[in-house]
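The values are calculated or read from the model by the stated rules, or taken from the named source; none is laboratory data. Because the structure is predicted, anything quoted here is derived from the model rather than measured. Glycine also receives a Cβ, built like all others from the backbone with ideal geometry; neighbour counts cover every protein chain displayed. All accessible areas refer to the heavy atoms of the entire protein, side chains included, with ligands and DNA or RNA removed. Shrake-Rupley method; radii C 1.70, N 1.55, O 1.52, S 1.80 Å.
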Amino acid sequence: MTAKDDYILKVSNLNVRFQNQIILDNISFNVKKGTTMAILGPNGAGKSVLFRTLLNLVPYNGNVEWSEKVKVGYVPQNVAVTDMPISVKEFLSIGNRINIENALNLVRLRDKSVLNKRLGVLSGGQLRRLLIAWALIDEPNILLLDEPTTGIDMDSEEPIYLMLNDVKKTQKMTILLITHDIHIVQEYTDYLLALNKCVTFFGKSEEIGKIETQKMIYGEPVCVEALKREG
Amino acid sequence: MGISAGYLGSILVLEKMALVGDALSHVALPGLAIGILFNFDPYIGAFAFLFASAVIIWHVQRVTRISFEALVGTAFTLALAIGILIFPDLELLEEALFGNIALITPIDAVAAAVISVATILLTRAIYKKLVLAMISEDLAVSKGINVAKTNLLYLFLISLVVAIGIKITGTLLVGFLVIVPAIAAKNLSSDMSRYSLLSAVFGAIGAFSGIFLANFFSLPPGPMVVFSGIAIFAATIVVNWRMKITT
């Protein structure tokens with residue numbers, strides 16, 4: 001299905017179960033074009049599964065409605081590159097893709113010598129930038145980033161989010177990113193979807209500063225739908 | 001044959017399935033025995049057993065998440081037990097275990113060459129897809145790659161190559177042909193094209209020099225192929241240690 005109007009993605013009543021275990025329970029949210037949405041929640045909350053569902057990698061019930069002609073770029077949290085004899089250039093060109101230089105410029109990996117390096121010898125920050133470049137080569141409208149700063153030190157985190165902010169502005173990109181960091185939510189995102197199998201909060205990111213919002217996210221999980229019904 | 005074993009083995013080594021390749025070759029034993037017992041080409045039986053075992057192991061692993069090593073170890077010992085029980089006579093069993101290059105006819109050689117070229121070409125067509133799936137299966141699937149089908153095709157091709165190799169080196173040593181050229185190539189490679197090329201080249205050099213030495217000294221070819229391969233592997237360790245190619 002395709003979403004019309006200002007929204008690039010509309011999700012309603014999304015349910016995912018693995019072997020009768022509830023992984024995602026009745027998830028509903030919308031994503032506006034050109035915005036950044038953070039997805040926050042404890043380990044096992046279903047954040048990565050949500051991305052895999054949006055990418056149609058796992059079976060689900062409910063509606064996932066993308067806007068017409070949407071191109072999705074995906075950056076997974078974990079990749080196995082340590083032992084791989086594959087160079088940066090070879091990795092980026094998988095799928096006969098040619099727009100490599102532009103993508104590397106966008107993620108600020110401008111040093112040409114990086115092209116001949118083996119993936120396994122890149123620093124954590126370089127690898128994360130490279131994965132983002134890989135997703136950008138196909139010129140997507142929306143990027144799904146699963147913890148884009150996993151495994152890198154705090155000093156290297158900020159430049160990556162600044163870079164993503166620039167990419168969002170210059171490429172008119174929509175970004176969904178999974179994070180555990182409240183600071184990142186406040187500084188770099190417009191909307192927040194908090195998950196704990198169900199939606200525990202969905203609204204503007206700035207509201208994460210409020211005590212009641214933090215109670216909703218970090219307190220005893222109460223699904224938003226349940227709150228509405230009670231209200 | 002050496003070229004195709006080296007080339008296809010390069011994927012097996014990256015998949016961390018090197019031991020799987022070795023153990024898998026022994027699974028061919030009951031297939032060989034059935035071929036001899038029922039009077040058809042035993043290497044067709046070997047291939048059928050190899051492919052069926054590879055598919056079953058691969059599928060069970062995906063469903064149960066039990067490690068490949070454990071599953072192949074089980075299948076390998078089971079196959080060995082069945083093979084020993086049903087092999088019609090001990091001389092034939094010895095031939096199956098250690099190979100006998102003298103029994104290879106010109107038709108066998110041509111068939112092996114044709115199958116080797118075909119497996120190389122087909123593997124080349126899916127090589128990058130296999131590598132991307134190893135880096136991240138989700139990334140590969142999100143790019144529209146059918147990882148299950150690609151892996152299945154690869155298992156089919158590696159089963160073919162191992163079945164051919166058995167005729168030369170026997171089931172005990174054929175695993176070597178798919179593992180050692182690739183790990184030697186890995187010592188000297190920081191990119192994929194060099195790695196796959198060197199795997200094929202080392203496979204060819206190992207097989208050719210081993211058979212040449214075996215003829216020269218009137219020794220069995222299987223062990224000589226192993227010694228040549230080990231010499232290449234040792235040399236690459238030294239070269240990498242001195243030149244730091246992979247760091």
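When B:Gly170, B:Gly222, B:Gly203 are screened for being closer than 24 Å to B:Glu95 by Cα and in contact with a Pro (Cβ under 6 Å, 6 or more places away or on another chain), only B:Gly203 passes.
For region B:104-117, the candidate set comprises residues that are modelled with pLDDT of 90 or more and under 17 Å from B:Gly9 (Cβ atoms); within that set, the residue that is least open to solvent (accessible area, probe 1.4 Å) is B:Ser116. Scoring B:Thr169 on the criteria (1) modelled with pLDDT of 90 or more; (2) of a type in the set (Ser, Thr, Tyr); (3) open to solvent by less than 10 Å² (accessible area, probe 1.4 Å); (4) more than 24 Å from B:Ala125 (Cβ to Cβ) leaves a single failure, condition (1). Figure legend. Inter-residue proximity from region B:236-247: first residues more than 12 Å from chain A (Cβ to nearest Cβ) and part of a helix (DSSP H, G or I), second residues polar (S, T, N, Q) and surrounded by fewer than 14 Cβ atoms within 10 Å (Cβ to Cβ), beta-carbon distance below 6 Å, spacing 6+ or different chains. No pairs are indicated. Residues in region A:114-138 that are away from chain B (no Cβ under 14 Å) and under 16 Å from the mean Cα position of the chain (by Cα): A:Arg129 only.
Evaluate region A:35-54: report whether one residue or more is charged (D, E, K, R), over 19 Å from A:Pro76 (Cα atoms) and open to solvent by 50 Å² or more (accessible area, probe 1.4 Å). Walk me through it before giving the result.
Taking region A:35-54 first, the residues charged (D, E, K, R) are A:47, A:52.
Keeping just the survivors that are over 19 Å from A:Pro76 (Cα atoms) gives none.
Within region A:35-54, none of the residues are charged (D, E, K, R), over 19 Å from A:Pro76 (Cα atoms) and open to solvent by 50 Å² or more (accessible area, probe 1.4 Å).
Would you point out which residue out of B:Ser209, B:Ser190, B:Ser196 is among the polar types (S, T, N, Q) and at pLDDT below 90? Before you say what the answer is, go through the steps one by one.
Numbers: B:Ser209 fails: at pLDDT below 90; B:Ser196 fails: at pLDDT below 90.
Of B:Ser209, B:Ser190, B:Ser196, the one residue that is among the polar types (S, T, N, Q) and at pLDDT below 90 is B:Ser190.
Counting only helices (runs of 4 or more DSSP H) that sit wholly inside region A:112-231, those with at least 2 residues that are buried (at least 16 other Cβ atoms within 10 Å of the Cβ) are A:124-136, A:154-170, A:182-188, A:211-218.
Quick test for you: out of A:Val58, A:Val64, A:Val70, pick the one residue that is open to solvent by less than 50 Å² (accessible area, probe 1.4 Å), within 12 Å of another protein chain (Cβ to nearest Cβ) and aliphatic (A, V, I, L, M).
Working: A:Val64 fails: within 12 Å of another protein chain (Cβ to nearest Cβ); A:Val70 fails: within 12 Å of another protein chain (Cβ to nearest Cβ).
Only one candidate passes the filter, namely A:Val58.
For region B:118-147, the set of residues classified as at the interface with chain A (Cβ under 7 Å from one of its Cβ atoms) and within 20 Å of B:Val13 (Cβ to Cβ) consists of B:Lys128, B:Val131, B:Leu132, B:Met134, B:Ile135, B:Ser136, listed by residue number.
For region A:103-110, the criterion of being closer than 25 Å to A:His183 by Cα and of a type outside the set (A, V, I, L, M, F, W, C) is met by at least one residue.
Which count do you get for residues in region B:49-92 that are farther than 22 Å from B:Phe156 by Cα and exposed (fewer than 13 other Cβ atoms within 10 Å of the Cβ)? Full working, then the answer.
Start the filter on region B:49-92 by keeping residues that are farther than 22 Å from B:Phe156 by Cα, which leaves B:81-82, B:84-92.
Those left that are additionally exposed (fewer than 13 other Cβ atoms within 10 Å of the Cβ): B:81, B:85, B:88-91.
Final tally of qualifying residues: 6.
The residue that is most open to solvent (accessible area, probe 1.4 Å), counting only those in region A:1-34 that are on the phi < 0 side of the Ramachandran plot and of a type in the set (S, T, N, Q), is A:Gln21. For B:Ala46, are the conditions met, namely being at pLDDT below 85, crowded, with 24+ Cβ neighbours inside 10 Å, within 21 Å of B:Leu92 (Cβ to Cβ) and within 17 Å of the chain's Cα centre (by Cα)? No, not satisfied. Given the residues B:Leu153, B:Leu177, B:Leu219, which is the only one that is part of a helix (DSSP H, G or I), open to solvent by 30 Å² or more (accessible area, probe 1.4 Å), more than 14 Å from every other protein chain (Cβ to nearest Cβ) and at negative phi? The match here is B:Leu153. Of the residues in region B:160-171, not one is free of Cβ contacts under 8 Å to residues at least 40 places away in the same chain and at negative phi. Within region A:73-113, being touching a strand residue (DSSP E or B) at 6+ places or on another chain (Cβ under 9 Å) and within 8 Å of another protein chain (Cβ to nearest Cβ) holds for A:Tyr74, A:Pro76, A:Asn78, A:Val81, A:Met84, A:Pro85, A:Ile86, A:Ser87. Counting only residues that are in contact (Cβ under 8 Å) with a residue 12 or more places away in the chain and in a strand (DSSP E or B), how many does region A:19-59 have? Qualifying residue count for the region: 16.
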